[in-house]
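To start, the structure itself, in C-alpha cells.
Readers should treat all values here as calculations from the given coordinates under stated rules, not as data from a laboratory. What you see is a predicted model; the values in this text were computed from it and never measured. Note: ideal-geometry Cβ built from the backbone for every residue, glycine included; neighbour counts use all protein chains shown.
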Amino acid sequence: MADLVVKSTVKEALDDKNVAGDFYEALNDEVEEVLEDAARRAEENDRKTVQPRDL
C-alpha cells in the first residue's frame, strides 16, 4: 500500500522530538491496519461507507 502518513506533518506534530527513520514505516503499517479493520467492520455491517464508528 502507498505511504499513508506525511513525514513532514508527523515530524511537525511531534514538535521538538527526534524521529527515527524506521518510525514512519511502522506508523504507516499501524495506519494501514486501522483502515483495514475499519473497512472490515463497515463490510460486516453491510455498508460500503466507512464511518467514524468503524474505528
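For the chain, the longest principal axis of the C-alpha atoms and the axis of helix 23-44 are separated by about 10°. A simple count of charges around residue 49, restricted to other residues whose Cβ falls under 12 Å of its Cβ and scoring Lys, Arg +1 and Asp, Glu -1, yields +1. For the listed peptides 8-15, 29-36, a ranking on the average number of other beta carbons within 10 Å per residue, highest first, reads 29-36, 8-15. Dividing the summed helix terms, -39500 (n - 2.57) for each DSSP H run of n ≥ 4, by the number of residues in the chain produces a 222 nm estimate of -17000 deg cm²/dmol to the nearest 500. Convex hull volume of the Cα atoms of the chain, normalised per residue: 88 Å³. Projecting the Cα positions of 35, 5, 49 onto the charge dipole of the chain (unit charges on Cβ atoms of Lys, Arg, Asp and Glu, taken about the Cα centre) puts 49 furthest along the positive direction.
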